[in-house]
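Only one structure is covered here, and it is reproduced in the block below.
The values are calculated or read from the model by the stated rules, or taken from the named source; none is laboratory data. Predicted, not measured: the structure shown is a model, and the values here were computed from it. Here the Cβ positions follow ideal geometry from the backbone for every residue, glycine too, while neighbour counts run over all protein chains shown.
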Amino acid sequence: MQSSELVCAVVQMVSGPVWEENRQQAEYLLQQAVAQGAQWVLLPENFAFMGLQDADKLALAEEEGQGPIQTWLTEQAKGLGIWLLGGSIPLRAPHGRCTASLLGLDPTGRIRARYDKIHLFDVSLADGESYCESKTIAPGLNPVTLDSPWGQWGLSICYDLRFPELYRSYAGANFLAVPSAFTRQTGQAHWEVLLRARAIENQSFVLAANQGGRHANGRETWGHSMIIDPWGQVLARWETGPGLALANCSLTQLQQVRTAIPALQHR
């Protein structure tokens, strides 16, 4: 019988434009997570690559099912014996763009789910900082869940966090995954409150792995990767720089919350 306790970890990185350096950083942090008992590990958005220009990732984009990043993810999941959520990686898409894809792998290294980021970060911030992900990224079309022995995981990426209707489509999922590269400006203002809201309204554990520092391209990300329980309490966090946050996620507690306030049944 599957244990009602699951040890989860979220990895925070400061990824740059060199895959080999990012790989080494991620590999070290995965090993640290497993050494502390992690069974599920979430990597951040763009863990493998944050280029100097937005279009740089197109040269690194892989065909689905093949390529060094996907091979590495398979090797890590299988070699460490963990469920691994591979942040986001660029996979080739039509018309010269790529998708930002979150891959979920089981402990045999098999890819069990692929989620393509639906909501793209096309914004102009108050300090003049601007982004237009749609120039290089093709949006995903559908929500995706990943089945596991501990229940369903609802998959999302970064800017998706601002769209509660996506997470409501995951109602009943025990876990919500949010790999991200939230900017410092938006993260400082909204990151934690949005994550806690998603946990409370869906009565789910939320795992949020963020980028956290100043990158080679000048972008500064907020960090504060965290694990939140279904009551909205922050169980663990890592504030700045590379590191990880790890927590025990109790399905017994999750059921107690849903029984005490049966909001999902009252919809």
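Before we move on, is Glu220 in contact with a Ser or Thr (Cβ under 8 Å, 6 or more places away or on another chain), in contact (Cβ under 8 Å) with a residue 12 or more places away in the chain and surrounded by fewer than 24 Cβ atoms within 10 Å (Cβ to Cβ)? Talk me through it step by step, then tell me what you get.
Values: in contact with a Ser or Thr (Cβ under 8 Å, 6 or more places away or on another chain): yes; in contact (Cβ under 8 Å) with a residue 12 or more places away in the chain: yes; surrounded by fewer than 24 Cβ atoms within 10 Å (Cβ to Cβ): yes.
Against the criterion (in contact with a Ser or Thr (Cβ under 8 Å, 6 or more places away or on another chain), in contact (Cβ under 8 Å) with a residue 12 or more places away in the chain and surrounded by fewer than 24 Cβ atoms within 10 Å (Cβ to Cβ)), Glu220 qualifies.
Only residues that are without any contact (Cβ under 8 Å) to a residue 12 or more places away in the chain and either assigned to a loop (DSSP other than H, G, I, E, B) or closer than 17 Å to Val206 by Cα (or both) were counted across the stretch 250-267, and they come to 5.
Name the single residue that is nearest to Gly218 (Cα to Cα) among those in the stretch 144-182 being polar (S, T, N, Q) and surrounded by fewer than 22 Cβ atoms within 10 Å (Cβ to Cβ). Only one residue tops the list, namely Thr145.
Among the numbered conditions (1) under 18 Å from Val14 (Cα atoms); (2) crowded, with 22+ Cβ neighbours inside 10 Å, the only one that His215 does not meet is (2).
Of all residues in the stretch 66-76 being exposed (fewer than 15 other Cβ atoms within 10 Å of the Cβ) and touching a residue at least 12 places away in the same chain (Cβ under 8 Å), which is farthest from Gln32 (Cα to Cα)? First the steps, then the outcome.
Going through the stretch 66-76, the residues exposed (fewer than 15 other Cβ atoms within 10 Å of the Cβ) turn out to be 66, 68, 71, 75.
From what's left, touching a residue at least 12 places away in the same chain (Cβ under 8 Å): 68, 75.
On the way: Pro68: 22, Glu75: 16 Å.
Here the residue is Pro68.
Restricting Ala9, Ala48, Ala26 to those that are of a type outside the set (Asp, Glu), under 30 Å from Gly96 (Cβ atoms), outside any helix (DSSP H, G or I) and at pLDDT 95 or above reduces the list to Ala48.
Scan the stretch 164-183 for residues that are under 17 Å from the mean Cα position of the chain (by Cα) and either at pLDDT below 95 or assigned to a helix (DSSP H, G or I) (or both) and jot them down. Pro164, Leu166, Tyr167, listed by residue number.
When you scan the stretch 113-136, how many residues do you find that are farther than 20 Å from Leu166 by Cα and either modelled with pLDDT under 95 or part of a strand (DSSP E or B) (or both)? Within the stretch 113-136, residues that are farther than 20 Å from Leu166 by Cα and either modelled with pLDDT under 95 or part of a strand (DSSP E or B) (or both) number 9. Taken as a whole, the condition of being loosely packed, with under 14 Cβ neighbours inside 10 Å, touching a residue at least 24 places away in the same chain (Cβ under 8 Å) and of a type outside the set (Ser, Thr, Tyr) does not apply to Ala138.
Let's see how each residue does on (1) without any contact (Cβ under 8 Å) to a residue 60 or more places away in the chain; (2) within 16 Å of the chain's Cα centre (by Cα):
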site: Gln36; (1), (2): no, no
site: Trp40; (1), (2): no, yes
site: Gly51; (1), (2): no, no
site: Asp56; (1), (2): yes, no
site: Leu60; (1), (2): yes, no
site: Lys78; (1), (2): yes, no
site: Leu85; (1), (2): no, yes
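In this entry, Gln66 passes the filter for residues that are among the polar types (S, T, N, Q) and in a loop (DSSP other than H, G, I, E, B).
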